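Written out below as structure tokens is the structure these notes cover.
The values are calculated or read from the model by the stated rules, or taken from the named source; none is laboratory data. Just so we're clear, the structure is a prediction, and the values are computed from it rather than from any experiment. Heads up, the Cβs are rebuilt from the backbone with ideal geometry, glycines too, and the neighbour counts pull from every protein chain shown.
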Amino acid sequence: MNETVSEKKVALELRHITKRFGSEVIANRDVSLQVLHGEILAILGENGSGKTTLMNMIAGIYFPDEGEIFVDGEKVTIASPADAFRYRIGMIHQHFKLVDVFTSTENIVLGIRDDQRFNLKEAAARVAEISARYGFELDPNKKIYNMSVSEKQTVEIVKVLYRGADILILDEPTAVLTPQETEKLFAVLRRMRDDGKSIIIITHKMHEVLSISDRVAILRRGEYVDTVVTKDTDETALTEMMVGHKISLNIERSDPVNVCDRLTVKDIRMTTREGVEVLKDINFVARAGEILGIAGIAGSGQRELLESIAGLRHLDSGEILYDNPKTGETVNLCDRTPIQIRDMGVRLSFVPEDRLGMGLVGNMDITDNMMLRSYRKGHSMFLNRKSPKELAEHIIESLEVVTPSVSTPVRRLSGGNVQKVLVGREISSTPAVLMAAYPVRGLDINSSYTIYNLLNQQKKNGVAVIFVGEDLDVLLELCDRIMVIGSGKITGVVDARCATKEQLGLLMTSDTAHKPTAEEESASTRTEEEKSIVTATEAGKGEQQHDSNRT
């Protein structure tokens, strides 16, 4: 880049923006900030700090109650996404909005009205031209249902570029990408920046903020704090500005103590109604007193695996054996309902990926959502709300849930605060097995470390913790073992203390199924001197050698 930040012109400016939801919630208060031409600006803030709301106002999804927006020095009114595109602003959301049966080109041109005759061949050529210009790897004629997650994200980015966007907003763009895919995306974003594009990125991964951004704007509780040059700051300083006080950013992983088998999964298989086999001969052991991490590209079977253990999905075959720590009895949970599992004396807690669809009821308040686990224990027609209310108040205080009161419907909370309520409720039930699918997705860094420490405390309490995560750095730092799933198969099991992100990334994209050996299953009981990456990583080494030979 030839220009310095101070020499660049302002592409987008917000002046005194305020947004309210009802009389209780002020999402943004008097926010003023600038985005420059040819820069990548990261937006940082805790959950409920108003980041997404602010970006949605720029993208035309919300309209500000107060304040002004300027594009290239001109005051503009953005009342819809169509208005945003007219001012060359496009937003790439975390959840893709694509039609699976259409090709990438058909999705990209869908909804465009330019009063010209539609020519799919010309559109495909322009898509190819945009891809070549910025270094995207995209087949214009490939169907969406045949694409990987990173390819779908590429379609979304090219879609806004096709419409002429010069200001791009990306919401958690790396949440479901492997490290290799993330590096490719960042390389593309840098080329777009050097071409003069203005890019706003929302991410909670601090190392990505420091790696990709030129400047960082910080929000705290809906208000603007400051904008700093990335090269002049560090993770600790950014976190302190975001939170307002010093915090510790260390995951204190303890060594497993009194480890014993708690949940044994044997040869389970699952096929959907459409005939797609989503789980193929899955075998693993979750042990009391350790954290078993599960890594894999989104849609590789993680969700189906945990939901089948929780009794929410039917299995074609296999066994799920639970060793009861109180009675010493071993029971098979396969194809049992959640109520049957509970009635068998199994203390199983599950934090699902779908927070509001499966974990909580959006229209119910926080207290009522606490009661979902206990209302069947009542002995009369009248519900006891005292204990659930006390639990709700305890979770709000200990996890710093941003909410007007315990009577607030959870659908009115930010995504991160909804997650805190769900995790707090599940941990409070003193489980023997705790399964958590992406428990920190959408959480700010302070809240994320709170959850990590809670999981580690559960491990110390003798709980068998199964943690599905998307941040490989966290998986390596928090877990004792990591099981990698690819296309419904286990492609490797590694000792988290010895593995690397690159090896995990290779295993995530490997097509070779791997059944853990007895040696691998005993890896967590070895001494520190004996611990090493288990044989599953040989598959990753082989692929790495293959890549080097191909290069």
>> On the basis of being surrounded by 19 or more Cβ atoms within 10 Å (Cβ to Cβ), without any contact (Cβ under 8 Å) to a residue 60 or more places away in the chain and of a type in the set (A, V, I, L, M, F, W, C), does residue 14 make the cut?
In response: yes
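Which residue is surrounded by the most Cβ atoms within 10 Å (Cβ to Cβ), if the candidates are limited to the stretch 251-284 and must be in contact with a Pro (Cβ under 9 Å, 6 or more places away or on another chain) and under 20 Å from residue 487 (Cα atoms)?
284
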> Among 307, 319, which is the only one that is in a helix (DSSP H, G or I), touching a residue at least 40 places away in the same chain (Cβ under 8 Å) and either surrounded by fewer than 21 Cβ atoms within 10 Å (Cβ to Cβ) or in contact with a helix residue (DSSP H, G or I) (Cβ under 6 Å, 6 or more places away or on another chain) (or both)?
Replying inline: 307
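I'm trying to understand the selection: among the residues of the stretch 477-513, which are within 16 Å of residue 253 (Cβ to Cβ), of a type outside the set (Gly, Ala, Ser) and surrounded by 23 or more Cβ atoms within 10 Å (Cβ to Cβ)? Steps first, please.
Start the filter on the stretch 477-513 by keeping residues that are within 16 Å of residue 253 (Cβ to Cβ), which leaves 477-482, 494-499.
Then keep just the ones that are of a type outside the set (Gly, Ala, Ser); that gives 477-482, 494-495, 497-498.
Hits for the stretch 477-513 are 478, 479, 480, 481, 482, 494.
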> Could you say whether any residue in the stretch 75-93 is modelled with pLDDT under 90 and part of a loop (DSSP other than H, G, I, E, B)?
Replying inline: yes
> In the stretch 227-259, which residues are more than 23 Å from the chain's Cα centre (by Cα) and modelled with pLDDT under 80?
Replying inline: 244, 245, 246
> Here is a list of conditions, (1) outside the structural domain of residue 14 (by TED's automatic domain parsing); (2) not in a strand (DSSP E or B), and residue 266 meets all of them except one; can you say which number that is?
Replying inline: (2)
>> Given the criterion modelled with pLDDT under 90 and under 22 Å from residue 174 (Cβ atoms), identify the matching residue among 521, 543, 529, 538.
In response: 543
>> Going residue by residue through the stretch 107-114, is there one that turns out to be closer than 26 Å to residue 487 by Cβ, surrounded by 13 or more Cβ atoms within 10 Å (Cβ to Cβ), touching a strand residue (DSSP E or B) at 6+ places or on another chain (Cβ under 8 Å) and not hydroxyl-bearing (Ser, Thr, Tyr)?
In response: no
>> For the condition touching a residue at least 60 places away in the same chain (Cβ under 8 Å) and touching a strand residue (DSSP E or B) at 6+ places or on another chain (Cβ under 6 Å), what is the one hit in 278, 265, 228?
In response: 278
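From the residues in the stretch 216-226 that are under 23 Å from the mean Cα position of the chain (by Cα) and in a strand (DSSP E or B), which one is modelled with the lowest pLDDT?
220
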>> For the stretch 322-345, which positions are closer than 13 Å to residue 286 by Cβ and either β-branched (Val, Ile, Thr) or without any contact (Cβ under 8 Å) to a residue 60 or more places away in the chain (or both)?
In response: 333
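In the list 60, 111, 135, which residue meets the criterion of being out of contact with any Leu (no Cβ under 9 Å at 6 or more places or on another chain), free of Cβ contacts under 8 Å to residues at least 24 places away in the same chain and on the phi > 0 side of the Ramachandran plot? Let's see the steps before the verdict.
Numbers: 60 fails: free of Cβ contacts under 8 Å to residues at least 24 places away in the same chain; 135 fails: free of Cβ contacts under 8 Å to residues at least 24 places away in the same chain.
When all the criteria are applied, what remains is 111.
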